[in-house]
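For reference, the structure discussed in these notes is given below.
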4 protein chains.
Amino acid sequence: MAARIEKLTSDIAWSTHDRIMVKGQDLCGDILGKQSLGDVAFLIMTDRLPSENESIMFNALAVTLIEHGMTPSAIATRMTVIGAPEAMQAAVAAGLAGLGSVFVGSMETAAHLLQDAIPDPGAPVDIDVVAGEVVADLRSRKAQVPGIGHPIHKPVDPRAVRLFEIAEQTGFSGPYVALMKRIAGIAGERAGKELPINATGAIAAIASEMGISWSVIRGIGVISRCIGLVGHVREELTNPIAREITARVSRETSADAIRASEQSA
Amino acid sequence: MAARIEKLTSDIAWSTHDRIMVKGQDLCGDILGKQSLGDVAFLIMTDRLPSENESIMFNALAVTLIEHGMTPSAIATRMTVIGAPEAMQAAVAAGLAGLGSVFVGSMETAAHLLQDAIPDPGAPVDIDVVAGEVVADLRSRKAQVPGIGHPIHKPVDPRAVRLFEIAEQTGFSGPYVALMKRIAGIAGERAGKELPINATGAIAAIASEMGISWSVIRGIGVISRCIGLVGHVREELTNPIAREITARVSRETSADAIRASEQSA
Amino acid sequence: MAARIEKLTSDIAWSTHDRIMVKGQDLCGDILGKQSLGDVAFLIMTDRLPSENESIMFNALAVTLIEHGMTPSAIATRMTVIGAPEAMQAAVAAGLAGLGSVFVGSMETAAHLLQDAIPDPGAPVDIDVVAGEVVADLRSRKAQVPGIGHPIHKPVDPRAVRLFEIAEQTGFSGPYVALMKRIAGIAGERAGKELPINATGAIAAIASEMGISWSVIRGIGVISRCIGLVGHVREELTNPIAREITARVSRETSADAIRASEQSA
Amino acid sequence: MAARIEKLTSDIAWSTHDRIMVKGQDLCGDILGKQSLGDVAFLIMTDRLPSENESIMFNALAVTLIEHGMTPSAIATRMTVIGAPEAMQAAVAAGLAGLGSVFVGSMETAAHLLQDAIPDPGAPVDIDVVAGEVVADLRSRKAQVPGIGHPIHKPVDPRAVRLFEIAEQTGFSGPYVALMKRIAGIAGERAGKELPINATGAIAAIASEMGISWSVIRGIGVISRCIGLVGHVREELTNPIAREITARVSRETSADAIRASEQSA
């Protein structure tokens, strides 16, 4: 087997004994004490520090999903920390593992669809035509429209409303936002009821405006939820509920079998 | 088995159809567009929004560990994403799983030690006496002093230097910082060489000043690395190195066995 | 909000103070000391204990992927255990996280295709016709044929050859195996080179013969690799290589930047 | 920085185009169709294939913890799969992440204690003396006796009883088993109630007899639960309960806050 000669490269970070460089910025000189967590997250996702409007918009996207109470990911984290309290990182990791196509990760599906439909946001585009094609294509594949509808937040998702408002103010209300809104409109007309754009749909559209590729957009949700899950670890350590949830689920799922077993005894 | 009646409670978040409340703040009205990612992370970890100085200090702590190049966690994430590119959340989770007692999570060990040594930071304390006791106790248990030393950043860790500077400026240079410095001093004297406080040691001391319990302090590192790992997923998707690393490691670890097998054939 | 009354049920296991029932079997009376690990895994995946032939076949499927040396999942596990040696379960979890669509989890894609193409394995089927349709459909969607080809094992994957041999002997060489072989044949003809069925392709076909749904077939690979990854944790603890790999990757990816920085100094 | 020359080595597996060797065994020639899943797991954990008695004993240890119904790890897996049904490996990984010091991983604590107390199981040892010292040491450190007690299985854990029976029959009832029993006896005398050895305590003692190091013994539980968790993924996909659990927990934890909010409206 001939040795492949291929050099390993990376443009993220490097360090010497007295210096750490991150995306071209000196960590100690340029970042610490000067740049906020959200702005450095923007740097990591786009290779540059944000302008003021970009900072406002990106931080808004990034905080939107930090918390929504007792979500499946929060419960997974809590179930994990009671078994491994010495490894809180594993508990957060367990919670993140479920941010797939259904919850949170759904922003990827929506962004993928938007970015495929409008490959060049600078070129002229007829939103009505494109939206019609997108919805027709989804119907032909029997696929759901991503980024719309919510079991609790009806008739509108207040997070999406507010994010679109901030997008308007900061100059990020362009073709992707327009397309997302038109798609939701058509889908709602066909369904005969208002189908609101939800938080992940709004994040998908606005992050697309900011030039973030659909292939990493899920990262915004992962970062958000990571922060929220640290909060659930914190609360579970002082106000535990995971054992009681487990006991209840265990009792309920095995009640009939145990009763039958006792009667036959 | 009698049913236990115990109510499940949580003080993190709740929502109605038109409202999401997080730690007493209205997400849409008070947070989106107004609070930054780092400040909401502070809210999640302390139950209140930060003052200006708290914001500067906490954001500095939270960005410190975002990136340090090709760390074990970054490599774990990259190895994962090439197998499951459709599940980037699982790749980030894989990288986080290793933030245990050795890397990043070591801030928990240091903070635990500091907070045990000074249970009440408001009470008068003789730092020299306490530091001596702490080091003596570690020696008697043959335990290492946590939070000091670094394989690359010698003789000082520039991140710790800068963080302590910011702590001085923002009013977070109190007894925990003094104790951490004194412990490092004693350990260095005994080792006969300067043993610098490293980044996790500095974070442990300063987060203790900010009132963050040792039991969740590791969360600061988990949040930081989560952001960095999203960056590694992003780069691996466009400039992949994980397959080449795997090929090299595989070749090298099996070379002798394959050679022997070929010679005996 | 009206309370939904929906009962939580499960048919997996239940226990009383003196008894644990798993899938209708008494753990202490019927399983411990009587049933092997592989046979209980079969029970978990099919709701019944295996016949002798099923036991031979299923155990063969389940051991096939236990080890293939320094795979990406093995490296991810090793990177994790050096950071969190106190949490080996997290290291195994990190390795498993990457068993997605590309490695190991690819058996799901192949099984899904086979089971969609032959919904009822008992009904008569023209393998040539179905195989032609399957390949044509994949081509029209520009999708790869799953379960064929291997970077090292050429021109045949010896694991697939052996598994098909055992399938013949145990009576599991039916329509799914025939279809998988015919699909590989057609794909090879079109590619102008032999495209061997690989290990995951063989497992997909044979597990389909055994009645295991494509939606859980990936579980066979997950169980296998879990065992292998425990072995990598074990070796990393006594013969560590992860730190050296990290050091090499870090040096190589940052060499140019450090050199440039030194020259400009 | 001088390049370190250190060779990466591994004794687990290697392969050529037509051969895969695992722990010195030819995968296709010696393992597939001949060795069961449990026996190959033994090979991975001990570097050799088991004798008949070793096979019976090890398989019994390995199947013991496969299932115990709705445990925290099962619930974590189910919460994950509803968010990422396309990544069942991530759901299993999430469940495994919690097998730490409290559940399952507790076998490591017990085995560590036993193997420290009897470093050489071939040397003569006074079990009563050693057991007394062990319990006294635990008391002085205010540490719990690991491997004893169970919330449901009282006054004895039937799994431990059965495992010790098999150990007797297969020749694995030596000093570690005797020590574990004597420790439980002393602890029970002091507590004034019978404190039964639980399943993890029995596995710890018997695996120690089999020469498995405490540092990897947790791997037995990880392998077991991995199989069980695949079963929970399977059931959740066809008989889902995770959404209903989430809905109930969410309602209950936010009920008071929502009520207060509605009254003040």
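Among all cysteines in the protein assembly as shown, which have no other cysteine Cβ under 4.7 Å from their own Cβ?
If one checks each Cβ against the other cysteines of the protein assembly as shown, A:C28, B:C28, C:C28, D:C28 turn up with nothing under 4.7 Å.
Going Cα to Cα from D:K23, which lysines come in below 20 Å? Please leave out same-chain ones fewer than 8 positions away.
Hits, sequence-local ones excluded: D:K7, D:K34.
How far is it, in nm, from the label point at D:R259 to the one at A:K142 when both lie 7 Å from their Cα along the line to the Cβ?
Distance between label points: 4.5 nm.
Divide by every residue of chain C the summed helix terms, -39500 (n - 2.57) for each DSSP H run of at least 4, and state the resulting mean residue ellipticity at 222 nm, rounded to the nearest 500 deg cm²/dmol.
Values: 11 runs with 159 residues, N = 265.
Taken over chain C, the calculation gives -19500 deg cm²/dmol.
Residue-wise, which Karplus ³J(HN,Hα) couplings in Hz belong to region B:128-140, taking 6.51 cos²θ - 1.76 cosθ + 1.60, θ = phi - 60°, and x for glycine or proline?
4, 5, 4, 4, x, 5, 4, 5, 4, 5, 4, 5, 5
Over the C-alpha atoms of region D:205-251, what are the Rg and the largest Cα-to-Cα span, Dmax, in Å?
17.0, 50
In whole Hz, with x marking every Gly and Pro, tabulate ³J(HN,Hα) for region B:101-106 from phi via Karplus 6.51 cos²θ - 1.76 cosθ + 1.60, θ = phi - 60°.
5, 8, 10, 6, x, 4
Where does the charge balance sit around A:Q115 when Lys and Arg score +1, Asp and Glu -1, over other residues with C-beta under 11 Å from its C-beta? Write down the numbers at each step before the final one.
Working: positive: none; negative: A:E108, A:D116, A:D120, A:E209.
Overall, the nearby charge balance is -4.
Averaged over its residues, how many other protein chain Cβ atoms are within 10 Å of peptide D:17-27's Cβ atoms? Don't skip to the answer; put the middle values down first.
Working: counts 10, 8, 5, 10, 6, 7, 3, 1, 1, 1, 10.
The shielding value for this peptide is 6.
What does the charge dipole of region B:1-88 about its Cα centre add up to, to the nearest 20 debye, if the Cβ of each Lys and Arg holds +1 and the Cβ of each Asp and Glu holds -1? Present the calculation step by step, with values, prior to reporting the outcome.
On the way: 7 positive and 11 negative charges, 54 e Å.
Using only the charged Cβ atoms, the result is roughly 260 debye.
If you rank A:T71, A:T253 by fewest surrounding Cβ atoms within 10 Å, what's the result?
Numbers: A:T71 26, A:T253 22.
Sorted ascending by nearby Cβ count, the order is A:T253, A:T71.
Averaged over its residues, how many other protein chain Cβ atoms are within 10 Å of peptide C:151-162's Cβ atoms?
For this peptide, the per-residue mean of nearby foreign Cβ atoms is 4.
So if I take the centroid of the Cα atoms in region C:113-135 and the same for region B:90-105, what is the distance between those two points in Å?
Centre-to-centre (Cα) distance: 44 Å.
Counting pairs of alpha carbon atoms under 8 Å apart in space and at least six apart in sequence, what relative contact order in percent does chain C give? Could the numbers behind the result be given before it?
On the way: 310 pairs, mean separation 63.7, N = 265.
About 24 percent, as a whole number.
For D:F58, A:F164, D:F103, which order do you get if you count the other beta carbons within 10 Å of each Cβ and list the fewest first? Walk me through the numbers before you get to the answer.
Working: D:F58 26, A:F164 19, D:F103 22.
If I rank by nearby Cβ atoms, fewest first, I get A:F164, D:F103, D:F58.
For Cα pairs less than 8 Å apart in space and 6+ apart in sequence, what is the mean separation divided by the residue count of region D:1-122, i.e. the relative contact order in percent?
Working: 77 pairs, mean separation 13.7, N = 122.
Relative contact order here is 11 percent.
For C:E165 and C:A247, FRET efficiency with R0 = 45 Å and r from the beta-carbon atoms, rounded to 0.05?
Step by step, r from the Cβ atoms, then E = 0.50.
Would you compute, for the Cα atoms of the protein assembly as shown, the largest minus smallest coordinate along each principal axis and list the three values in descending order, in whole Å?
For the protein assembly as shown, the Cα spread along each principal axis is 76, 70, 69 Å.
Mind putting a number on the dipole of chain A about its Cα centre? Charges go on the C-beta only, +1 for Lys and Arg and -1 for Asp and Glu, and I need it in Debye to the nearest 20. The partial results should precede the final answer.
Values: 24 positive and 30 negative charges, 143 e Å.
The calculated dipole for chain A is roughly 680 debye.
From the phi of every residue in region A:197-213, what ³J(HN,Hα) in whole Hz does the Karplus formula 6.51 cos²θ - 1.76 cosθ + 1.60 yield, where θ is phi - 60° and glycine or proline is x?
Couplings: 5, 8, 4, 5, x, 5, 4, 4, 5, 6, 5, 5, 4, 7, x, 8, 5 Hz.
Name the residue, out of D:I31, D:I203, D:I12, whose mean-square fluctuation peaks in a Gaussian network model built on chain D with Cα pairs under 10 Å.
D:I12
For C:D47 and D:K154, FRET efficiency with R0 = 30 Å and r from the beta-carbon atoms, rounded to 0.05?
0.50
What nm value, rounded to one decimal, do you get for the distance between C:E6 and A:E189 when each label is placed 7 Å out toward the C-beta?
The two pseudo-label positions are separated by 3.3 nm.
Could you give the dipole magnitude of the protein assembly as shown about its Cα centre, charging the beta-carbon of Lys and Arg +1 and that of Asp and Glu -1, in debye to the nearest 20?
On the way: 96 positive and 120 negative charges, 0 e Å.
In debye, rounded to 20, the protein assembly as shown gives about 0.
Only Cα pairs within less than 10 Å get springs; with that Gaussian network setup on chain A, which residue of A:T77, A:T200, A:T246 has the largest fluctuation?
Maximum among the listed residues: A:T246.
What relative contact order, as a whole-number percentage, does region C:127-248 give when Cα pairs under 8 Å and 6 or more residues apart are counted? Mind dumping the intermediate values first?
Numbers: 104 pairs, mean separation 35.7, N = 122.
Reported relative contact order: 29 percent.
For B:K154, which lysines qualify as cross-link partners when the Cα separation must be under 20 Å and same-chain residues fewer than eight apart are set aside?
Counting by Cα, and skipping residues close in sequence, B:K154 has these lysines nearby: B:K181, B:K193.
Taking the label point as lying 7 angstrom from Cα along the Cα-to-Cβ axis, what are the distances from A:G29 to the corresponding position in the remaining copies, in ascending order and in nanometres?
Listed shortest first, these distances are 4.7, 6.3, 7.7 nm.
Taking springs between alpha-carbon atoms closer than 10 angstrom, which of D:E252, D:E133, D:E209 fluctuates most in the Gaussian network model of chain D?
Top of the fluctuation ranking is D:E252.
Here, each number is a calculation from the coordinates, and none is a lab measurement. Computed from a predicted structure; not experimentally measured. Here the Cβ is made from the backbone with ideal geometry for all residues, glycine too, and neighbour counts use every protein chain on show.
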